[in-house]
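J.: If you scroll down you'll find the structure; I have some questions about it.
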């Protein structure tokens, strides 16, 4: 296939797993990772671009030619930053990148890590739901060859980590119960990453993949 991939958020839980999958897969010949600081990952396929401002990409535009797949995994936990910063990270950052990419690689497949409850009517009083719905709408309208939004429920971290807040510590403890509630409520980090990776390579039958749809991707 010789696919060229761009990843944002490779230092995070899901983006990091997707990066590993890309580097291990022979169908992908080149990986461009947008990072704030250099990582310890070294690979002949990998090019890391240090980005100081995720609203400006003038210096990197030649690298954006012939991108086939984008995995956008940058995000921020609700309550961890002020309201304006949350919207900037959730809406403005991905839109700025997508707008530049469309000029250079309009035929790419854009895979967005969104979240359960995203409101495409943009009427929710919940900041998370409204902003996630807003960016889904904006990216869907840009005109890429294909766009997919992934809306996981609770993401169970397969690798140990320090949980960001009490809610995540609580959900981690409740994960055995969530598993019993069915495929619509939770998913392992490795499963979500693999599903995004597979859709990036092969596409999917629908634009929005809810938690159950994501689970189905890796089980079919």
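The values are calculated or read from the model by the stated rules, or taken from the named source; none is laboratory data. Computed from a prediction, not measured in an experiment: that's the story for all the values here. Cβ coordinates were reconstructed from backbone atoms using ideal geometry, including for glycine residues, and neighbour counts include every protein chain displayed.
J.: What pairs can you find where one residue is in region 26-42 and touching a residue at least 60 places away in the same chain (Cβ under 8 Å), the other is part of a loop (DSSP other than H, G, I, E, B), and their Cβ atoms are less than 6 Å apart, with a gap of 6+ or different chains?
T.: 27/1; 34/51
J.: Return the only residue of 108, 139 being modelled with pLDDT of 95 or more, under 16 Å from residue 207 (Cβ atoms) and under 13 Å from the mean Cα position of the chain (by Cα).
T.: Every option except 139 fails the conditions.
J.: In region 33-45, which residue that is within 18 Å of the chain's Cα centre (by Cα) and more than 16 Å from residue 112 (Cα to Cα) is surrounded by the fewest Cβ atoms within 10 Å (Cβ to Cβ)?
T.: Out of the qualifying residues, it is 36.
J.: Here is a further query. Spot the failing condition for residue 172; the list is (1) at pLDDT 65 or above; (2) over 22 Å from residue 90 (Cβ atoms), and only one is missed.
T.: If we test residue 172 against (1) at pLDDT 65 or above; (2) over 22 Å from residue 90 (Cβ atoms), just (1) comes out false.
J.: So, in region 184-198, of the ones that are surrounded by fewer than 22 Cβ atoms within 10 Å (Cβ to Cβ) and in contact (Cβ under 8 Å) with a residue 40 or more places away in the chain, which residue ends up nearest to residue 1 (Cα to Cα)?
T.: Result: 194.
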